[in-house]
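Novice: Handing you a structure now.
A short reminder: the numbers here are calculations on the coordinates, not readings from a lab. Quick caveat: nothing in here was measured; it's all calculated off a predicted structure. Here the Cβ is made from the backbone with ideal geometry for all residues, glycine too, and neighbour counts use every protein chain on show.
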Amino acid sequence: MKLRFSTGIAALVCVLLASCYPYDENSGRKKPVKKPEMTAAEQAKAKEEEAKKKAEEELKKKKEQAQAGTTPPEGGTTTDTPGGTTPPTEGPKPTTPEPKRNDYAFANKVPGKEGFVFSPYNNKVVDVRDIPSGTLVQDPTYPASEKKYFRVP
């Protein structure tokens with residue numbers, strides 16, 4: 001009788017302990033694989049490749065326009081060829097225009113707190129004490145790679 005009783009108590013304790021263990025709902029799902037972050041040299045190389053691709057695409061567009069006779073190529077010399085088309089020569093690479101003052105959102109002031117503003121991107125409080133009004137500031141709640149900027153009101 002004591003053997004049955006102690007076996008029953010042991011089984012009951014095991015069931016109670018097993019029911020208290022937290023269930024992992026994500027055990028069946030695959031974990032997302034993180035890409036390794038690029039080093040500064042790799043990022044610079046990627047930007048250079050993008051700039052080269054853009055320049056090549058613009059050059060192709062200019063050649064197509066020149067062949068169609070719509071517009072002459074800019075910055076290049078032209079020569080007469082038997083087909084009547086004028087092939088463009090490579091000109092200077094186009095530069096990206098500087099962002100204008102109105103391109104960035106203004107932050108909103110936090111009522112009752114001097115020198116603090118709400119970020120226009122995620123409404124988190126940002127400390128901008130000792131920063132003059134109208135200054136372009138990078139949002140510290142985002143990593144530098146995302147480059148979220150706003151102006152101080």
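Novice: Order of 116-129, 50-63 by packing, highest average Cβ count within 10 Å first?
Specialist: Listed from highest to lowest mean packing, they are 116-129, 50-63.
Novice: What pairs in Lys53/Lys124; Lys54/Lys109; Lys113/Lys147; Lys53/Lys147; Lys52/Lys124; Lys52/Lys147 have C-alpha atoms more than 30 Å from each other?
Specialist: Exceeds cut-off: Lys53/Lys124; Lys54/Lys109; Lys52/Lys124.
Novice: So if I take the alpha carbon set of the stretch 101-151, get Rg, then get Rh from the Kirkwood formula, what is the Rg over Rh ratio?
Specialist: Using Cα coordinates only, the ratio equals 0.93.
Novice: Output the relative contact order of the stretch 101-151, whole-number percent, from Cα pairs under 8 angstrom with separation of 6+ residues. Walk me through the numbers on the way to the answer.
Specialist: Working: 72 pairs, mean separation 16.6, N = 51.
Rounded, it is 33 percent for the stretch 101-151.
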